[in-house]
């Protein structure tokens, strides 16, 4: 796998990712599929969800304010937990959330070392 084809496993913790993993675990437990096939399916999921989000999600400006509860940096990954978050999007649409988690990876571009 080249550097340009590296896909992260971030979306496995989303609701759809958790549902997929639960389904695959059940299929393995019932001897319907082999664990190797489940891993291949998860790899395909990682690639597909990343590509779909890159293609389908429109770019918009967003600002937010909240209270930084926790932050950490480990293995080139920043994680932030923010409480009482107020999002403001283009068109002045506002959304409020009690708690959000932001995970930011240092993604290398093709050809970078």
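Some observations on this one:
- A full extension of the chain between residue 14 and residue 96 corresponds to an added length of 27.6 nm, given 0.36 nm per residue minus the alpha carbon distance.
- With Cα atoms, 0 to 90° folded angle of helix 35-56 axis to the chain main axis: 30
- Alpha carbon convex hull of segment 36-102, projected area averaged over orientations, nm²: 6.6
- Fully extended contour minus Cα-Cα distance, from residue 51 to residue 77, at 0.36 nm per residue: 7.3 nm
- Ranking of 87, 45 by count of other Cβ atoms within 10 Å, fewest first: 87, 45
- Once C-alpha pairs closer than 8 Å and six or more residues apart are averaged by separation and normalised to the residue number of the chain, the relative contact order reads 20 percent.
- Distance cut-off 17 Å, percentage of C-alpha pairs in segment 3-56 lying past it: 38
- Measuring nothing but how far apart in sequence close Cα pairs (under 8 Å, 6+ apart) lie, relative to its length, segment 62-105 scores a relative contact order of 38 percent.
- Helix 15-29 axis, angle to the chain major axis (alpha carbon atoms, nearest 10°): 20
- Given the choices (1) 22, 15, 13; (2) 30, 20, 16; (3) 35, 15, 14, semi-axes √(5λ) of the Cα gyration tensor in Å derived from the coordinates of this structure is entry (2).
Values quoted throughout were computed directly from the atomic coordinates according to the rules given, and no laboratory measurement underlies them. Here the structure is a predicted model, which means the values were calculated and not measured. FYI the Cβ positions are ideal-geometry reconstructions off the backbone, even for glycines, and counts take in every protein chain you see.
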